[in-house]
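This report concerns only the one structure given below.
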Amino acid sequence: MRKTSKLKKIIAIIIVFCIIIYIIYAMFLLLLNPNNIYVLTKGELLEEDETVGYIIRDEQVIKDEEKTNGIYKIATEGQKVAKGEYVFRYYKDSEIETTEKIKELDYKIQELLEKEKNEPSADIKVIENQIEEKLIKINSLTNYQEISDYKNNIEELIAKKINYIGESTENNEIKSIVNERKEYEKQLTNGASYKSTPISGVVSYKVDGLEEELTPSNLSNLTDTFLEGLELKTGQIISTSSEYGKVIDNFKCYVAVVIDSELSKQAKIGDKVTLRISTTEEDSAEIVQINEGSGNRVIIFEVNNMSQNLINYRKVAVDIIWWETTGYKVPNQAILTKTVNGNELNYIIRNKSGVQTEIFVKIEKQNDKFAIISSYETNELQDLGFNEEDIKNYKKISNYDEIILNPQK
């Protein structure tokens, strides 16, 4: 028993010693030529262009040229509405004076509420939380337009809160002031000019005057000269109008890019790509129009699911992902080419325990640095003229194969 145990220990020591020798040898080879071996693994490969895109929407401006007193928003920014719904009304001549009186009443109501110890209702708590969130957010904003939008939203929430209070409070003094406030609100709305939407869609008050030029019906006229002549700033938020509103078809939008890359020259109508907007938002898109300009092409993509965030912009940073795929990924310097049976075939050299073997592979996709490769199937080898013996000896690539980089041809 002791002899057997001793023998097992000796064998174990020999095995460990051999493994250590192999590791040292492998490390020596790696140090001798560190860039000569590449371990094959699965990865992702894509080809993309960085550019800017012009946002084109089907949108109808709602306005009355004779009204210049400003508007009171009934539908909020980004709200979905049906055809015929009221979107906003124009302020009346006495609007400013009446509005100031309403603000004074709001201040009185707030003072009285602070003296009460009653727990507010769940509806009022929700509104108060929304007001608090917007007040916190507004302190971090630097863009004037965004600050103005948040202030308007806070005022709308305060008015909503007061209406809830008037319906639920048992304090007669508060109730009386709320009723007085409602009378002033009636003065604002009686005889006011209301504007409704001609179509269903999403309401916006961000009007830049390009709604009738950058339209889906005008795609064929969008050239590089025209788009660049608009002199729009990338990422600039469209200002909120105090006189107009608009409704946007929210089912689709279009993104036009002015581009002259090699990949764009190969693009054709009907191609499917992925667009990445402002480095965060990705969606599938299809090329629906290509216009040749004075040097650069204008390629127009149709997007079906882009978020409502794009309503804020007319020109944005865009990455066009022309294609992306996954599979066995290798550097291009690992791929060689030779003629076999009259066919130009690609192959790699696999190193396994010091034995180097040529393995023919297909290039599925390739960019300037890497390629996604795969093995041939039996029927494909037959079509290439390989005999039964060659097919029987054919080795397929697999995960963690060691591939020779920059092999000698």
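The values are calculated or read from the model by the stated rules, or taken from the named source; none is laboratory data. Quantities reported herein were computed from a predicted structural model and do not represent experimental measurements. A quick note on method: Cβ atoms are made from the backbone with ideal geometry, for glycine too, and the neighbour counts reach across all protein chains shown.
Examine region 382-401 for a residue that is assigned to a loop (DSSP other than H, G, I, E, B), among the aliphatic types (A, V, I, L, M), surrounded by 13 or more Cβ atoms within 10 Å (Cβ to Cβ) and not assigned by TED's automatic domain parsing to the domain that holds D283, and state whether such a residue exists.
yes
Within region 251-272, which residues are buried (at least 20 other Cβ atoms within 10 Å of the Cβ) and either within 27 Å of K63 (Cβ to Cβ) or out of contact with any strand residue (DSSP E or B) (no Cβ under 8 Å at 6 or more places or on another chain) (or both)?
C253, Y254, V255, A256
Give the residues of region 208-231 that are touching a strand residue (DSSP E or B) at 6+ places or on another chain (Cβ under 8 Å) and closer than 30 Å to I74 by Cα, sorted by residue number.
Listed by number, the residues that qualify are E211, E212, L214, T215, P216.
Of the residues that make up region 235-243, is at least one over 21 Å from the mean Cα position of the chain (by Cα), exposed (fewer than 15 other Cβ atoms within 10 Å of the Cβ), of a type in the set (D, E, K, R) and part of a loop (DSSP other than H, G, I, E, B)?
Taking every residue of region 235-243 in turn, none turns out to be over 21 Å from the mean Cα position of the chain (by Cα), exposed (fewer than 15 other Cβ atoms within 10 Å of the Cβ), of a type in the set (D, E, K, R) and part of a loop (DSSP other than H, G, I, E, B).
Of all residues in region 69-84, which are part of a loop (DSSP other than H, G, I, E, B) and under 20 Å from I311 (Cα atoms)?
Listed by number, the residues that qualify are I74, A75, T76, E77, G78, Q79, A82, K83.
Conditions: (1) of a type outside the set (F, W, Y); (2) surrounded by fewer than 17 Cβ atoms within 10 Å (Cβ to Cβ); (3) touching a residue at least 60 places away in the same chain (Cβ under 8 Å); (4) not in a helix (DSSP H, G or I). E66 meets all but one. Number of the miss?
(3)
Can you name the residue in region 281-312 that is within 20 Å of L263 (Cβ to Cβ) and among the charged types (D, E, K, R) and, of all such residues, is nearest to the chain's Cα centre (by Cα)?
Of everything passing the filter in region 281-312, E282 is nearest to the chain's Cα centre (by Cα).
Condition first: farther than 15 Å from Y394 by Cα and out of contact with any strand residue (DSSP E or B) (no Cβ under 7 Å at 6 or more places or on another chain). Now tell me which residues in region 332-351 satisfy that.
Q333, T339, N341, G342, N343, listed by residue number.
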